[in-house]
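The values are calculated or read from the model by the stated rules, or taken from the named source; none is laboratory data. Since we're looking at a predicted model, the values are computed, not measured. Accessible surface areas use protein heavy atoms only, side chains included; no ligands, DNA or RNA. Shrake-Rupley method; radii C 1.70, N 1.55, O 1.52, S 1.80 Å.
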Amino acid sequence: MATKENVTVTATTTAPARRTLGATGPSVFPLGLGCMGMSALYGEADRAESVATIHAALDAGVTLLDTGDFYGMGHNELLISEALSTAPAAAREKALTSVKFGALRTVEGGFTGYDGRPEAVRNFLAYSLQRLGRDHIDIYRIARVDPDVPIEETVGAIAEAVQAGHVRHIGLSEVGADTLRRAAAVAPIADLQIEYSLLSRGIEDEILPTARELGIGITAYGVLSRGLISGHFTRDRALDPGDFRGMSPRFQGANLDRNLDLVDALRKVAENKGVSVAQTAIAWVLSRGEDIVPLVGARRRDRLAEALGAADITLGAADLAAIEEAVPVGAAAGDRYPAAQMAHLDSER
């Protein structure tokens with residue numbers, strides 16, 4: 001992939017209002033940068049361009065950098081460490097790290113489960129701090145609930161790390177309403193990281209209302225459905241070996257055709273608004289509440305610049321109605337993960 005040497009990413013035209021992650025979490029720029037794709041699951045990435053994209057995000061005011069210790073088996077944390085160590089001091093000091101842990105991997109790259117035991121939490125944390133080159137992690141969360149360990153024990157171990165100063169805030173990932181309540185009874189929870197987009201609106205029924213009742217913010221990932229509703233994905237696109245989308249149900253056969261038909265409908269709304277499809281989809285998530293911070297998975301500066309433009313877009317009632325008509329609730333074809341991975345989602349039970 002060619003490095004985008006001439007791409008300039010600037011802050012939005014007027015500084016957007018910051019958003020607070022829940023009642024107890026940090027104040028952040030309204031969009032966060034999801035860094036996973038720079039190391040894993042979407043094919044080969046350009047390391048220099050990835051670092052430049054993180055720098056550009058920080059320069060534009062982005063504060064939240066999201067990663068997982070299992071993204072590229074530590075590669076992503078090392079990449080973020082490199083980017084932060086070479087960023088201007090002012091930007092580096094404002095950067096906040098959000099880290100997921102717990103996934104068990106094989107040498108071949110497979111996933112074999114999740115480990116939420118307190119001793120495992122302490123072990124994962126020690127390695128992440130070393131790779132990131134920081135003395136603390138701002139938000140720490142298990143990637144998926146370990147079915148063999150009560151969430152109270154896992155959250156309790158993170159709470160101990162907060163008391164020790166190694167973690168600032170506790171987060172959760174892909175949990176259902178009951179688990180959310182149980183975790184919040186142990187310690188303050190800053191945010192729940194969960195998929196939320198025009199194609200994935202399951203949280204609206206019970207999980208989002210529960211989070212709001214408990215004062216827990218939402219960091220929404222998959223806001224472009226892994227590029228499916230970015231406006232850039234085409235039916236004939238060839239995917240790199242190892243690209244997650246090659247086995248994702250929404251990118252297969254008739255499902256892909258149906259979902260891209262939805263994108264075509266959304267494109268008409270975007271064109272009438274004078275913005276891109278991706279910006280429309282991100283702006284929609286931003287419009288769902290001040291307690292929601294979308295994570296954009298840009299791997300390049302040009303895609304980052306496009307995504308940041310969503311923060312300047314105001315969607316009125318007519319715009320929202322047109323979007324809802326183009327992509328109705330439940331219109332997506334296919335599950336958001338293959339069956340084996342869906343089984344790990346506490347949020348889907």
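Ranked by solvent-accessible area (1.4 Å probe, protein heavy atoms only, all chains present), the residues 291, 243 order from largest to smallest as 291, 243. Listed by chain and number, the aspartates and glutamates whose C-alpha is less than 18 Å from the C-alpha of residue 268, apart from same-chain residues fewer than 8 away, are 257, 306, 319, 324, 325. Shape analysis of the range 220-349 yields a ratio of the Cα radius of gyration to the Kirkwood radius, Rg/Rh, of 0.95.
If you average over every viewing direction, what projected area does the convex hull of the Cα atoms of the range 288-330 give, in nm²?
One quarter of the hull surface, i.e. the mean projection, equals 4.1 nm².
Rolled with a 1.4 Å probe across the full set of protein chains, the surface gives residue 182 an accessible area near 80 Å². When a/c is below 1.5 the answer is rounded, else prolate if a/b is larger than b/c, else oblate, so apply that to the range 276-349 with a ≥ b ≥ c taken from the square roots of the Cα gyration tensor eigenvalues. Verdict is oblate for the range 276-349.
Working from the Cα coordinates of the chain, the gyration tensor eigenvalues give, after taking √(5λ), semi-axes of 29, 23, 21 Å in decreasing order. If both residues of a DSSP beta bridge must be in the chain, then about 20% of such bridges are antiparallel. Straight-line cross-link partners of residue 94 among the aspartates and glutamates, defined as a Cα under 15 Å from its Cα and at least 8 positions apart when in the same chain: 59, 66, 135, 138.
Looking at the chain, the accessible area is 41 square angstrom per residue; that uses a 1.4 Å probe and ignores ligands, DNA and RNA. Classified by the C-alpha gyration tensor, the range 101-243 has an oblate form. Its axis ratio a/c, with a ≥ b ≥ c, is 1.5 or above, and a/b does not exceed b/c.
Near residue 138, the amide H atoms lying under 5 Å from its own belong to 97, 168; only residues 5 or more places off or on other chains count, and H is placed 1.01 Å from N. Computed over protein heavy atoms with a 1.4 Å probe, the carbon and sulfur contribution to the accessible area of the range 36-137 reaches 55%.
Solvent-accessible area assigned to carbon and sulfur over the range 217-341 amounts to 51 percent, based on a 1.4 Å probe.
Taking each pair of different alpha-carbon atoms in the range 87-141 once, compute 1/r for the pair, average those values, and report the inverse of that mean as the Kirkwood hydrodynamic radius in Å to one decimal.
Working: mean 1/r = 0.0782 Å⁻¹.
Evaluated over the range 87-141, this radius sits at 12.8 Å.
Across the range 154-168, computed HN-Hα scalar couplings (Karplus, 6.51 cos²θ - 1.76 cosθ + 1.60, θ = phi - 60°) run 5, 5, x, 5, 5, 4, 5, 5, 5, 4, 7, x, 7, 9, 8 Hz from first to last residue, x flagging Gly and Pro.
The orientation-averaged projected area of the convex hull spanned by the Cα atoms of the range 11-104 comes to 6.8 nm². How far is the Cα center of the range 70-84 from the Cα center of the range 93-134, in Å? A separation of 11 Å, based on Cα centres.
Within the accessible area of the range 173-213, the carbon and sulfur atoms contribute 45%, probe 1.4 Å, all protein chains present. By the helix-only formula, in which each DSSP H run with n ≥ 4 contributes -39500 (n - 2.57) and the sum is divided by residues, the chain has a 222 nm mean residue ellipticity of -11000 deg cm²/dmol.
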